Amino acid sequence: MSAETLLDVVDLAKTFPNGTRAADDVSLSLTRGQTLGVVGESGCGKSTTAKMILRLLKPDRGSVTFEGIDVLRAKGSELKEVRRRLQLVPQNPQTSFNPRLTIRASLEFNLRAHGVPRRTWRSTVDDMLLRCGLRVEQGNSYPHELSGGQLQRAAIARALVTGPDLVVCDEAVSALDKSVQAQVLNLLSELQSDLGVSYLFISHDLSVVEHISDRVLVMYLGRVVEQATSEALYADPVHPYTKALLSSAPGAPIERIVLQGEPPNPADPPSGCTFRTRCPWVMDTCALERPLLATTPAGSLAACHLNLSSRPLATSSPA
Ligand code: ADP
């Protein structure tokens, strides 16, 4: 773990009691002041991974290290400190705000929960509302009095008010119209420049993740299948699943790859490579061996037997 590493996650795994393997040895790391995008279809394990990192859900195994602190074992004041420094912006502020509290009261609630002295609350909340593009008076509004975009700004203010180092944005702009989405993404970038905060930015939408992320991690059925800088991933995707995701975006520079079939049942995933049942390049080995993440010629990481055998993948699917 380098000195710059803020978060280091190793082999996090979670199988729910119904047999769903929601996270299967997920590893990732995040550099201070940067954004790691996490993408993949709905149900691939993004939220489960985020919840385990935030210690809202207990993993079956694996470790989460945040600035040298073992998050999963932290207790007492250390745990309190971790909770203050790791915050969440959830997808739906409509349900995450208490409808009976004003926005100011909700932000103050977060400050109180983290032991911030009361005398600083007013100025801290005012400052954060303004930074998030809201007026100080809007702190007196109730959630239903704000638009979706304003309420998501308030949710960002609520997360940032405790001075966190890392904010997990879980589908934080997915419920917003495209134009409002762009405004909120710009806001997150500005706040990152001003405050030096890092983001773990989760979305099912690759186009949303592209501009905000320094690095991007792609998940399929609970596993990380590719990890690359944002530039490399969008210019030269390696894993067939990433290629398929990118090719389905409007205006994609590569030929459309239509995936056959539905994603497999996560309680009964295919053997070997879990993507093999939908992969246009499937080979015999794919059913036999799980491909591990390995460095690609371009320096990214991909979990694909074709990468391991260094056989180049064409940018269009085979006939
Ligand atoms: P994503 O955030 O990528 O949409 P999730 O992490 O929410 O995916 O879910 C991953 C898988 O785990 C899905 O198949 C989902 O149905 C399942 N899952 C999530 N939470 C639970 C739970 N509490 N009990 C059983 N299965 C769950």
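The values are calculated or read from the model by the stated rules, or taken from the named source; none is laboratory data. Predicted model only: the values in this text are computed from it and were never measured. All Cβ positions, even for glycine, are placed from backbone atoms using ideal geometry, and neighbour counts span all protein chains on display. Each accessible area value is taken on the protein alone, full model and side chains, heavy atoms only, with ligands, DNA and RNA left out. Shrake-Rupley method; radii C 1.70, N 1.55, O 1.52, S 1.80 Å.
Annotations
- From the list Val208, Val218, the lone residue that is closer than 22 Å to Thr49 by Cα, part of a helix (DSSP H, G or I) and within 16 Å of the ligand (Cβ to nearest atom) is Val208.
- Residue match in the stretch 154-174 (condition: modelled with pLDDT under 95 and either open to solvent by 10 Å² or more (accessible area, probe 1.4 Å) or basic (Lys, Arg) (or both)): yes
- Arg83 vs. criteria assigned by TED's automatic domain parsing to the domain that holds Lys14, more than 15 Å from the ligand (Cβ to nearest atom), open to solvent by 40 Å² or more (accessible area, probe 1.4 Å) and closer than 19 Å to Ala13 by Cβ: no
- The single condition from (1) within 16 Å of the ligand (Cβ to nearest atom); (2) assigned by TED's automatic domain parsing to the domain that holds Thr35 that Glu190 fails is (1).
- Checked against the criterion of being assigned to a helix (DSSP H, G or I), more than 23 Å from Thr31 (Cα to Cα) and assigned by TED's automatic domain parsing to the domain that holds Gly37, the candidates Ala154, Ala175 yield just one match: Ala154.
- Among (1) over 16 Å from the mean Cα position of the chain (by Cα); (2) open to solvent by 60 Å² or more (accessible area, probe 1.4 Å); (3) within 16 Å of the ligand (Cβ to nearest atom) - the single one Asn92 does not satisfy: (1)
- Leading residue by the ranking (farthest from the ligand (Cβ to nearest atom)) among those in the stretch 26-68 that are among the β-branched types (Val, Ile, Thr) and not in a strand (DSSP E or B): Ile53
- Within the stretch 7-54, the set of residues being over 14 Å from the mean Cα position of the chain (by Cα) and among the small types (Gly, Ala, Ser) comprises Ala13, Gly19, Ala22, Gly33.
- Qualifying residue in the stretch 233-245 (condition: open to solvent by less than 30 Å² (accessible area, probe 1.4 Å), modelled with pLDDT of 90 or more, closer than 23 Å to Lys14 by Cβ and assigned to a loop (DSSP other than H, G, I, E, B)): yes
- Being open to solvent by 50 Å² or more (accessible area, probe 1.4 Å), among the hydrophobic types (A, V, I, L, M, F, W, C) and not assigned by TED's automatic domain parsing to the domain that holds Gln87 is a property that Val258 has.
- Unmet criterion (only one of (1) without any contact (Cβ under 8 Å) to a residue 40 or more places away in the chain; (2) on the phi > 0 side of the Ramachandran plot) for Pro237: (2)
- Yes/no for Val258 being touching a helix residue (DSSP H, G or I) at 6+ places or on another chain (Cβ under 9 Å), closer than 30 Å to Thr5 by Cβ and among the hydrophobic types (A, V, I, L, M, F, W, C): no
- Top-ranked residue of the stretch 3-20 - restricted to ones that are modelled with pLDDT under 95 and touching a Ser or Thr at 6+ places or on another chain (Cβ under 8 Å), ranked as farthest from the ligand (Cβ to nearest atom): Glu4
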